[in-house]
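K.L.:
Have a look at this one.
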Amino acid sequence: MNIFLKAALATSISVAAPAAQAAITHLDIKDAVGFNDIGRSDDNTIVDAQLDPYSRIKGITYSVQLTSPNAIGGALVWFGSTSDAYVQFRPDRWNEEIGTVAYSGKINLSALDADFWLEDDGILRLQFADKWAAGDSTDDVTYHSTWNGWFDIDYDSPSAVPEPATWLTMVLGFAIVGAAMRRRRRNRAAGRGGLDPLACHNRESPMPGR
């Protein structure tokens, strides 16, 4: 590949596919409650955080204090988008004791193949729930879990949509690359009596049009 083609290709790719921006958002949690399993109680606390559209959630750092008069193990939080719940955080699943317990740590969702993308509204939704609270008693007011503390959400924010001038640069860059590649293929065909196959690999993206 000659220098001119390399320069054109590098310019086009750098404009078309800039790297995602790593970011962290901090969520303070105060008296969040779970009265029943997810979707089974309107009293379950829901916390929405506004991030960028199509952000990739890749890690969770936490320091929380969990209180339950029923059983610590039933308390959980679902992390997801406005339409789906993807990751369940249940710090002490088999603990049948009552009282207050503190938990802290870090979860690498990417390493667990549990990272997920938000939708076009960019909203990260936390849904607090409790699998054991209301299931053992009709007293929903008393038997619920309560959360206090914080979560730090590690995520990648996709690059902004290019401006019209940027699109023009991209189009011109790809046109130059295309012309150069066609010229090279013609030269190779004339010299060897055949065309080289062109292999393409398409990788799906959560962002439409990309």
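The values are calculated or read from the model by the stated rules, or taken from the named source; none is laboratory data. Computed from a prediction, not measured in an experiment: that's the story for all the values here. As a convention, Cβ positions derive from the backbone with ideal geometry for all residues, glycine included, and neighbour counts pool all protein chains shown. Keep in mind that these areas ignore ligands, DNA and RNA; they rest on the heavy atoms of the full protein, side chains included. Shrake-Rupley method; radii C 1.70, N 1.55, O 1.52, S 1.80 Å.
K.L.:
I need the full set of residues from the stretch 108-118 which are open to solvent by 40 Å² or more (accessible area, probe 1.4 Å) and in a strand (DSSP E or B), in order please.
P.N.:
ASN108, TRP117
K.L.:
Filter the stretch 13-32 down to the residues that are surrounded by 13 or more Cβ atoms within 10 Å (Cβ to Cβ), hydrophobic (A, V, I, L, M, F, W, C) and either within 11 Å of ASP152 (Cα to Cα) or at pLDDT 95 or above (or both) and list them by number.
P.N.:
Of everything in the stretch 13-32, those that are surrounded by 13 or more Cβ atoms within 10 Å (Cβ to Cβ), hydrophobic (A, V, I, L, M, F, W, C) and either within 11 Å of ASP152 (Cα to Cα) or at pLDDT 95 or above (or both) turn out to be ALA23, LEU27, ILE29, ALA32.
K.L.:
For GLY149, are the conditions met, namely being surrounded by 12 or more Cβ atoms within 10 Å (Cβ to Cβ), at pLDDT 95 or above and either within 26 Å of SER41 (Cα to Cα) or of a type in the set (Gly, Ala, Ser) (or both)?
P.N.:
yes
K.L.:
Within the stretch 98-112, does at least one residue satisfy the condition of being modelled with pLDDT under 95 and either aromatic (Phe, Trp, Tyr) or in contact with a Phe, Trp or Tyr (Cβ under 8 Å, 6 or more places away or on another chain) (or both)?
P.N.:
No, because not a single residue in the stretch 98-112 is modelled with pLDDT under 95 and either aromatic (Phe, Trp, Tyr) or in contact with a Phe, Trp or Tyr (Cβ under 8 Å, 6 or more places away or on another chain) (or both).
K.L.:
Just need a number here: residues in the stretch 46-62 that are open to solvent by less than 40 Å² (accessible area, probe 1.4 Å), in a loop (DSSP other than H, G, I, E, B) and not aliphatic (A, V, I, L, M).
P.N.:
1
K.L.:
Among the candidates ASP136, ASP84, ASP92, ASP43, which residue alone is open to solvent by 10 Å² or more (accessible area, probe 1.4 Å), touching a helix residue (DSSP H, G or I) at 6+ places or on another chain (Cβ under 6 Å), acidic (Asp, Glu) and modelled with pLDDT under 95?
P.N.:
Only one candidate qualifies: ASP92.
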